[in-house]
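Data block below; observations after.
The values are calculated or read from the model by the stated rules, or taken from the named source; none is laboratory data. All of these numbers come straight from a predicted model, not from anything done at the bench. Reconstructed Cβ throughout: ideal geometry from the backbone, glycine too, with neighbour counts over all protein chains shown.
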């Protein structure tokens, strides 16, 4: 089947909307739930350097250094959104997979909007075309290949946001990034299961791809 998107940035067709909630809640829900305490602990560890005992409380708003990190994250989210749009344009999607990729596409649009709202005029507001080009081939082949590529990319996003948490000083930015990281870990678990991954480390997001922030800076 072909996936239809409504004119709204976060809208979905009637078929996808009916399938979406049942699919995302039903696929990989046990593993997704089990990884939340682990990821929360890791996110807390990454941010524990912000304020030690007796130190001044961290700022609430993003610092200048935070703005640079958050701007990079927004560009990454917008680039991932563009890749999902490319995948959605393919023909031959089974209904369940169509529901999943459409839901995840909407999620990345929301993440980019949330970061943009936090940054205001400092938000870049556009995708990184070099980033998109790097992954475009795999996302543009077949639905199966696109799902496999998405699983790897979502895993890299988990590592990316964990790395970002170790850099952020402002609590507003850190809280937002932590919430996005946990959601993208759920994405990874669902996609890993749907692409027949069997390794526990993959299903529980205990073995991520490399951080995309490091790749961007290399």
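Side notes on the structure shown:
- Residue count for segment 72-120, restricted to those that are at positive phi and assigned to a helix (DSSP H, G or I): 1
- Test: residue in segment 136-154 that is closer than 16 Å to residue 179 by Cα and buried (at least 18 other Cβ atoms within 10 Å of the Cβ): yes
- Residues (at pLDDT 70 or above and either crowded, with 17+ Cβ neighbours inside 10 Å or over 17 Å from residue 144 (Cβ atoms) (or both)) located in segment 188-208: 188, 189, 190, 191, 192, 193, 194, 195
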